[in-house]
């Protein structure tokens, strides 16, 4: 970084802290600001990305004791009017003020030059290519501490656990048990992120996350339809034709009674309000699709009764409309 930049940038003001801020308070403030302005949380926001770059740059200097001390020295000289200006220019501080700050009592200007070059470039070379000019990692080379690595875990849940939610215990990478709260309504293939519980940062930044990928076992009766639960319920021909009150199962509860109207066709969906999946987004319903069950075995009396019914039923072909649509 060029010398003039150090004079003109107030890293304490950028982070909103005092010059005597402690290391702990500095880190706490930086983490709060980094979470607020991180590009991952502000996609497409150029102003937030620029702010994140500024606070990361400020923290990368102030969190390092040596860099912070040298920065404070430079800022102190800047407050007194010293700048890297040509000799004889306005202000008359020029190089003499800077050299005197680093070489009082040293007896020679060669020592002064060595101190300045060592501070900005660790032994010579162009400004900005040394310790102050190099990023210390961080997001996209912006500088600042890097976030720790994420840890991936997998778990398989029963259908009921996924719908109702539960705290489960997994085995961590180190072999120790890890408690994970599964939110109600988690879906098969969904990922749950546990922030700050992953690997530590290599340079004092935030911990990584634990990312748990969830697999959900299918249920023998119920399926998911968003926040709704679906179930297929068989009914007899007479129940469908004449109407009836039937019992319908619920997930994790007692069956509910549901009225089937006379003349209900196979495939009609009946709704039970509020018996679906409950999440922070709302509560779904239980959708019961009725299917007319055809008996596979008939005794003589039942067969005779059906024969009489066939003779008495209206002479209508239920496939007439289907065939007409197909021809059209």
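The values are calculated or read from the model by the stated rules, or taken from the named source; none is laboratory data. Not measured: the values here are computed from a predicted model. Using ideal geometry, Cβ is built from the backbone for each residue, glycine included, and neighbour counts are taken over all protein chains shown.
Looking at residue 221, is it over 30 Å from residue 152 (Cβ atoms), in contact with a strand residue (DSSP E or B) (Cβ under 8 Å, 6 or more places away or on another chain) and assigned to a loop (DSSP other than H, G, I, E, B)? Even if it seems obvious, please write down each step before you answer.
Details: over 30 Å from residue 152 (Cβ atoms): yes; in contact with a strand residue (DSSP E or B) (Cβ under 8 Å, 6 or more places away or on another chain): yes; assigned to a loop (DSSP other than H, G, I, E, B): yes.
Yes, satisfied.
Quick check: anything in the range 304-324 surrounded by 10 or more Cβ atoms within 10 Å (Cβ to Cβ) and touching a helix residue (DSSP H, G or I) at 6+ places or on another chain (Cβ under 8 Å)?
So far as the range 304-324 goes, no, none of its residues is surrounded by 10 or more Cβ atoms within 10 Å (Cβ to Cβ) and touching a helix residue (DSSP H, G or I) at 6+ places or on another chain (Cβ under 8 Å).
Condition first: modelled with pLDDT of 70 or more, assigned to a loop (DSSP other than H, G, I, E, B) and within 25 Å of residue 34 (Cβ to Cβ). Now tell me which residues in the range 126-177 satisfy that.
Those that are modelled with pLDDT of 70 or more, assigned to a loop (DSSP other than H, G, I, E, B) and within 25 Å of residue 34 (Cβ to Cβ): 145, 146, 147, 148, 149, 150.
Mind listing whichever residues of the range 12-24 are under 30 Å from the mean Cα position of the chain (by Cα), within 23 Å of residue 48 (Cβ to Cβ) and not in a loop (DSSP other than H, G, I, E, B)?
14, 15
Results for (1) surrounded by 13 or more Cβ atoms within 10 Å (Cβ to Cβ); (2) at pLDDT 80 or above, shown as yes or no for each residue.
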residue	(1), (2)
12	yes, yes
22	no, yes
30	yes, yes
44	no, yes
55	yes, yes
65	no, yes
74	yes, no
89	no, no
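For the range 17-47, how many residues are in contact (Cβ under 8 Å) with a residue 12 or more places away in the chain and more than 20 Å from residue 204 (Cα to Cα)?
Here the count works out to 1.
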